[in-house]
1. Would you check which residues across region 88-113 are without any contact (Cβ under 8 Å) to a residue 60 or more places away in the chain and farther than 26 Å from S31 by Cβ and list them?
2. Would you point out the residue of region 128-156, among those that are exposed (fewer than 10 other Cβ atoms within 10 Å of the Cβ) and of a type in the set (A, V, I, L, M, F, W, C), that is nearest to the chain's Cα centre (by Cα)?
3. Among the numbered conditions (1) modelled with pLDDT of 95 or more; (2) in contact with a Phe, Trp or Tyr (Cβ under 9 Å, 6 or more places away or on another chain), tell me where A59 comes up short.
4. Somewhere in region 130-151, is a residue outside any strand (DSSP E or B) and under 17 Å from V36 (Cβ atoms)?
5. Which condition breaks for V122 when tested against (1) assigned to a helix (DSSP H, G or I); (2) among the aliphatic types (A, V, I, L, M); (3) modelled with pLDDT under 80?
Amino acid sequence: MSIVDSVLSRLSSAGYTTARFGDEIRFEDASVLGFVREFATARHLIEEWQRAQDQFLRANAPALRRDRRKSWNAYSVLLTSQPASEEEAQRLITIEEDFRATRKVVRAAVSTDGDVESALAVLLPIRRRVRFVAEDALARVSDRLSALPRPALEALLRGATGEEFAQALLRGEEEP
């Protein structure tokens, strides 16, 4: 899997305008401007991220000055497919928590489309994954109703008003 191809696909699908500049992907929409850079290793990412960010900011300084909104929403997405050692992982967290100049997304061991999607989650539209499961609706309703106190269940079954049902619930809580 090519991280770059997956990143381009995800960002384009999310409505960003994307372009490749050498080993960097730049992306932009109405309120966000950023770049994605893949590094060979976590160590290389740690050593080179500031240079990559500074280069991006210099290249985009006029656009950031024209649109103040984007200057608050500038992103550096720094990825490597290689895993990080414990020490490197701590350094990657420190980089991600550094909010100077750009917001950072920093990930190591990015090797699948799912890893790319997870890394880009802050930039992608919210999607809720719904899982449909066949179930017995009557059994489910019956199970939920069985938790009601007897007086409340009887009130519900006879079509009581909301007030009558509430009173039956309170009576049911008083029963031993």
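The values are calculated or read from the model by the stated rules, or taken from the named source; none is laboratory data. No experiment lies behind these values; they were computed from the predicted model shown. Don't worry about glycine lacking a Cβ; one is built from the backbone with ideal geometry, like all the others, and counts go over all protein chains shown.
1. E88, A89, Q90, R91, L92, I93, T94, A109
2. Kept after step one, since they are exposed (fewer than 10 other Cβ atoms within 10 Å of the Cβ), are these residues of region 128-156: 128-139, 144, 146-147.
With of a type in the set (A, V, I, L, M, F, W, C) added as a condition, the list becomes 130, 132-134, 137-139, 147.
Details: V130: 16, F132: 22, V133: 25, A134: 28, A137: 33, L138: 36, A139: 36, A147: 37 Å.
Here the answer is V130.
3. Among (1) modelled with pLDDT of 95 or more; (2) in contact with a Phe, Trp or Tyr (Cβ under 9 Å, 6 or more places away or on another chain), the lone unmet condition for A59 is (1).
4. The initial filter retains those residues of region 130-151 that are outside any strand (DSSP E or B), namely 130-151.
Still in the list and also under 17 Å from V36 (Cβ atoms): none.
No, that holds for no residue.
5. Only one criterion in (1) assigned to a helix (DSSP H, G or I); (2) among the aliphatic types (A, V, I, L, M); (3) modelled with pLDDT under 80 is unmet by V122, namely (3).
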